[in-house]
Every structure is written in structure tokens, then in C-alpha cells.
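K.L.:
The following block contains the structure, expressed as C-alpha cells.
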Amino acid sequence: MNLRICSGITKPGFALIHQELPAFTSCKPQLLYPSTLRIPCNNVKRVRIAFIRFQYSVADKNSVSGAPGSSMSKSNTAPKKGRSSSLYSRPSLITMKNEKIANRAKVYEFLRGLGIIPDELDGLELPVTVEVMKERIDFLHSLGLMIEDINNYPLVLGCSVKKNMIPVLDYLGKLGVRKATFTDFLRRYPQVLHASVVVDLAPVVKYLQGMDIKPNNIPRVLERYPEVLGFKLEGTMSTSVAYLVGIGMGRREVGGVLTKYPEILGMRVGRVIKPFVEYLESLGIPRLAVARLIEKKPHILGFGLRETMKPNIEMLLEFNVRKELLPSVVAQYPEIIGIDLKPKLDNQRNLLQSVIDLDSDEFGEVLEKMPQVVSLNNKAVIKHVDFLKKCGFSLQQVKEMVKGCPQLLALNLDIMKFSFDFFQKEMQRPLNDLVSFPAFFTYGLESTIKPRHKMVARKKLECSLSWLLNCSDEKFQRRMDYDTIDLEEMESEQPSFDMNSLMEPRNDESETDYDEDSDDEYA
């Protein structure tokens, strides 16, 4: 472009035109001039300054539109290879996938270094960095879980400490579950760490309270059977309880039964509970009596029918327990169908044979009267036999007494001494009376023996120990109205166990209450 400086031109003969175009359209300023541009000398400086400013503004626009990654430079400059066309640099999907694989490989390597086998973790969302994974493992260690526990359920590594673990543990703590039990709790049911407090856990707790389990017993139920938190409300839990109520379990007893043995909630009726009930019925135990046995000792439902119960019944028959007395044996000591019975039977038979010369048939009689004998401690048995010998009884008399009342081998020795002293000093009866009625030692000295002896002595009646003691208080009062004693009544003895006692009408108030030591009667 040629510039000729002349005087006499008052207005520039050209116009600078800059068209407003869309943001992504490149533009060039256009110079329009007719033929020759003439500028007065005194205006040259102004035009030059304006032209310089115009050049800078055009250069700025070109620098923006021609910047790397800008789409506005496409019409002027070809894009360079390897550069993104976006305003922000983003990794490609392949790059992201490769990074994810590399990070997971590092996490797996870290886990293997600790002894954790990550084979089951494929497809599970895990922390991206080793640091976060280490945080999770450290938290699990703080709960008492070891590497072995994590290998038993490696999916626990998919639980976030803040989002999963802490909310669940806080909820259990608020319910009253003791922190000291968390380790065993999580070993048995680690899946609880995946649960939602609102969706999964709270509805189960509310359901348990609706089954008459007292709020203060809920923590004990969860500690004993944490798997209950994973059950569906309308599934096995409801059907098992409904069946037990149907066979005669009192509705008011349900809460106490479930508190003692919450495993019932996970038992299937058709596979476990019903076959158990029907088998005991086949032995001769009435269904209502079975229901009452379950009320008192609900843990018996956990005995394996094929693995334990049936073999133990056959074993009792082999040890000379009469078939018709099997119902009485099981009703007296339901645990006998669930323990490892064979070694206990062998041990007790050999022991009694050695200390009182009891033969196999006589051992069968002892089992029929007190099946708990199989669980007695050897030293305790020997101490009781020695006590009776020191009282002046011969070995044959001790044998007869044990056959007549095997409970002698399990009574408190101090109480037996007090009773025997009263028998000798106050009652002044011969030892043969105790041989004939060894159950004397099973009656309370202050509550029964002393007051009845005084009443008989006041009336100067002569009677056997059986007539004196083997009756209820009401019946004894009626006997005191007699002028004479009926010999037949004096000879009669009630059986050691009455099955009907299990089926007596219950009181209005529930008698079942949770007692942690209730199952330790013969410990």
C-alpha cells in the first residue's frame, strides 16, 4: 500500500471496517480505499498512532484465535498433531482405563505383601490408592480382625471406613452391643459392614422388639446371633415362631425363648423344627410336652436329628434303658439327645461299677431315674459315695440307695450332712429307713423335714419316711387328720418323673425370663 503525503485533505479517504463475526469465525480487517490515500502532514502522526493501535488489536485477536486448542484458528492454521481441540486438557478413556488397572495392580501388590489373597476382589470397587486401602486395613485391625479374618471374607475391603463401617458400628453401640464383642461379632457376620442402618438394620431391630424381646435384651440377642441382621422380615423368622406357637408354645413365652436362643429365627420349619418335633412325638412325648420342653430349653432345637439325636437314642437302648421309659429320660434331661453320649455312658458305667459294684442292668435303672448322671464329675461321685460310707452304710446299702435315688450323687454335701445329723439326733431312726427311702436327702430340712417331723411326733404317730415326706403339703395336712395310717398309702410311692407335669395349665403371667446361667444347671 502506498502512502502519499499531501496537504489539503481534511478527511481520510479510507475507512477501517472490522466486521463483528461469530466467536468461532476467523476474521481479517479490511482496508477500503478508492485509489490513492492522501493524508495531510499534520495528521500523519495521528494516523500513524491509530494505525499502530489497530495493528495491536488485530494481533491480539489473532493470538487468541490462533492459540493452541482453539477452534477459531482452524481456518488460518492447521492444528498440530497430538494436541486436544478442547479448551481443557482431558485424558482419553484408554488412558483412564490403563491408569485404573495400574492403580489396582499396586493395591493388589500391597495386599499380597500383607498376606491377603485378592482373587475374590475382581469387579469390586476398591480404593484407588494404597494409602486408602492401608487406612481400611488398619481400621479393621483396630477392631481385632486379623489377616486370616479378612481372607475369610475379603469383600470387607470394599467397605468405606467413613461411609460404611463407622455408621454401622455406631448404631450397634447405641443399641447396647458391647465393644468387647465387636471382634467376634464381625468374625461371624462381617456382611453387616455392607448394610444400611436405615434400610437394613433398623427394621430388623424393630421386628425383634415386636416379638416381645425386651429392649435391654436386644444387644444380647445380636451378640449371640448377629446373623439375624441379614434375615428378611417376612421369611424364616416369622414362620418358625408361628409354628412353635401352633404346637402349644405360649405367646407370652416367645420373647424369652428367642432371647435365650435366637438361632430359632434362622431355622426352617420344614427342614429343622418340624422333623425335630415329630421325632420326639414318635418316642412317646406328647406334642404339648415337646413345646414346653422347647420353652424351657430352646437350645435343644439345635441338636442334629440324624447326626446326634437318633444315634443317642439307640445308644440308650444299648445301655439297657427300657424303650417305654425313653420319653421320661428325654423329658427329664433333653440334653442327653444332643451330647456326645457314648464316651460319657462308658465312663459313668465303669465308674459306678468300680465304686459301688453296679452292673449293666442296674446302670440302666439309674439312667432311667436320673439321666443327668452321664454328666456328673467323677470326683463328685466318689465324694458322695465316701460320705455315705462314713455315715455307716455298707457298700451294698450304698448301692441300693444309689439305685433307689441316683440324685444322691449330685446333691450338696453340706446340706446332706445337716439332714443326716437331724435324722440321727432328732428323729433317731435306724439307717435302714434311709436305705428304704434315700430320697430323704432331697427334701428341704427347714421347709419340710423339721415341721412335718414335729407334727408327727406331737401326734405320736409311727410312719415311714415315704409316708412322711412323699406327698404335697395339702395332702400331708389331710393325713394329719387321720386317726390311723393306711398301710397301702404308706407303701405307695409316686414315680420319679411325671410327664403330665409338663402339660399343666400355665399361669396367666409369663414365667419365662432371660437368665444367662439357666443352661448351667448341671455344669
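K.L.:
So, N320, is that one polar (S, T, N, Q) and in a loop (DSSP other than H, G, I, E, B) or not?
P.N.:
The answer is yes for N320.
K.L.:
Could you give me the residue pairs with C-beta distances under 7 Å whose first residue belongs to segment 309-323 and is more than 18 Å from Q348 (Cβ to Cβ), whose second residue is at pLDDT 95 or above and open to solvent by less than 10 Å² (accessible area, probe 1.4 Å) wherever it lies, and which are 6+ apart or on separate chains?
P.N.:
Once the first residue is more than 18 Å from Q348 (Cβ to Cβ) and sits in segment 309-323, its partners that are at pLDDT 95 or above and open to solvent by less than 10 Å² (accessible area, probe 1.4 Å) give M309/I337.
K.L.:
Related question: Looking at (1) out of contact with any Lys or Arg (no Cβ under 6 Å at 6 or more places or on another chain); (2) touching a residue at least 24 places away in the same chain (Cβ under 8 Å); (3) not β-branched (V, I, T), which one does P298 not meet, given that it meets all the others?
P.N.:
(1)
K.L.:
Among the residues that make up segment 374-395, is at least one of them assigned to a helix (DSSP H, G or I), open to solvent by 30 Å² or more (accessible area, probe 1.4 Å), in contact (Cβ under 8 Å) with a residue 12 or more places away in the chain and among the aromatic types (F, W, Y)?
P.N.:
Step one: list which residues in segment 374-395 are assigned to a helix (DSSP H, G or I), which gives 374-375, 378-390, 395.
Retained after the next criterion (residues that are open to solvent by 30 Å² or more (accessible area, probe 1.4 Å)): 375, 378-380, 382-383, 386, 389-390, 395.
Then keep just the ones that are in contact (Cβ under 8 Å) with a residue 12 or more places away in the chain; that gives 375, 378, 380, 382-383, 395.
From what's left, among the aromatic types (F, W, Y): none.
Scanning segment 374-395, I find no residue that is assigned to a helix (DSSP H, G or I), open to solvent by 30 Å² or more (accessible area, probe 1.4 Å), in contact (Cβ under 8 Å) with a residue 12 or more places away in the chain and among the aromatic types (F, W, Y), so the answer is no.
The rows are residues; the columns are (1) assigned to a helix (DSSP H, G or I); (2) touching an Asp or Glu at 6+ places or on another chain (Cβ under 9 Å); (3) crowded, with 17+ Cβ neighbours inside 10 Å; (4) in contact (Cβ under 8 Å) with a residue 24 or more places away in the chain.
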{"site": "V398", "(1), (2), (3), (4)": "yes, no, yes, yes"}
{"site": "L408", "(1), (2), (3), (4)": "yes, no, yes, yes"}
{"site": "Q424", "(1), (2), (3), (4)": "yes, no, no, no"}
{"site": "R429", "(1), (2), (3), (4)": "no, no, no, yes"}
{"site": "D433", "(1), (2), (3), (4)": "yes, no, no, yes"}
{"site": "F441", "(1), (2), (3), (4)": "yes, no, yes, yes"}
{"site": "S447", "(1), (2), (3), (4)": "yes, no, no, no"}
{"site": "W467", "(1), (2), (3), (4)": "yes, yes, yes, no"}
{"site": "K475", "(1), (2), (3), (4)": "yes, no, no, no"}
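K.L.:
I want to confirm something. Restricting to segment 118-171 and keeping residues that are of a type in the set (G, A, S) and either at positive phi or open to solvent by less than 70 Å² (accessible area, probe 1.4 Å) (or both), which single residue is farthest from the chain's Cα centre (by Cα)?
P.N.:
Selected residue: G123.
K.L.:
Where in segment 218-315 are there helices (runs of 4 or more DSSP H), lying wholly inside it, with at least 2 residues that are under 23 Å from L502 (Cα atoms)?
P.N.:
Answer list for segment 218-315: 236-246, 254-260, 274-283, 287-296.
The values are calculated or read from the model by the stated rules, or taken from the named source; none is laboratory data. Keep in mind the model is a prediction, meaning the values are calculated, not measured. Cβ sites come from the backbone with ideal geometry, for glycine too, and all protein chains shown count toward neighbours. Just so you know, the surface numbers come from the protein's heavy atoms only, side chains and all, with ligands and any DNA or RNA stripped out. Shrake-Rupley method; radii C 1.70, N 1.55, O 1.52, S 1.80 Å.
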